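We did not get these values from a lab; they are worked out from the coordinates using the rules stated. Not measured: the values here are computed from a predicted model. Every residue, glycine among them, receives a Cβ derived from its backbone with ideal geometry; neighbour counts consider all protein chains shown.
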Amino acid sequence: MPPATLTPPPAASTAPRPLTMRWTVEQFHHMGSLGWFAGRRPFLLDGVIWEQGPMNPPHASAVYLLGEAIRVIFGAGWVVRPQLPMTVDEDNDPSPDLLVVRGSPRDFSIVHPVTANLIIEVADTSLQIDLTEKAERYATAGVTDYWVLDVVNRELYVLRDPAPLPAGLGATAYRDQKKYAPTDRVSPLAAPQASVLVSDLLP
């Protein structure tokens, strides 16, 4: 019997590759209205739908504590939106854990906010993406004050001063990045007269 002939695999340029479907914010919201995401927690980054795992008790408690504290700090004339859509552009709806923007709730009865005065994400399993991909989207949207509450390591990251990245990258990042311990106090840029103890935000 002659030896078997092995056919080499196709060249990299012709090898089959999985295709990633890109979605717009409009399509993403329409899918949600049809019930595609019932019981799930998706968000959209650069046209790709990401799914977060079920919200565990520390994450849920932190979102509640943040909402209580931030409402006291900002008061009337500000809208505090927990885990609601935000339309950064046609390809991005990061759905932040907490968004603060000047105005009234009815200002967003037709369109979602496109920027914010303060955004806070709670990180238990999402710290890396919150400090990278999401930070880049928020900076590009002109969000001047972005906080990430790390409930695992009990720290608060505060990112400020968004600035364009080097030419050609087409993105923006935060130049001022600080990390705070539970015993530290932090003031939002939009409410500098008030401050909050980091430990009061942690579950």
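Computed values, structure above
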item: From the C-alpha gyration tensor of region 54-201, square roots of 5λ in Å; result: 21, 19, 16
item: Sorted peptide list for 70-77, 59-66, 102-109, 158-165, criterion being average Cβ within 10 angstrom, highest first; result: 59-66, 158-165, 70-77, 102-109
item: Net +/- balance of residues flanking R175 in space, Cβ distance below 9 Å, scoring K and R +1, D and E -1; result: -1
item: Region 54-201, dipole about Cα centre (Lys/Arg Cβ +1, Asp/Glu Cβ -1), debye to the nearest 20; result: 420 debye
item: Charge dipole (region 54-201, unit charges on Cβ, about Cα centre) - positive-most of V114, F74, P54; result: F74
item: Highest-first arrangement of 142-154, 111-123, where packing means the average Cβ count within 10 Å; result: 111-123, 142-154
item: Anisotropy class of region 125-203 from Cα gyration tensor, a/c 1.5 cut; result: oblate
item: Karplus-derived 3J(HN,Hα), 6.51/-1.76/1.60, for each residue of region 187-203, Hz, glycine and proline x; result: 10, x, 4, 7, 9, x, 6, 10, 9, 9, 7, 4, 4, 6, 8, 8, x
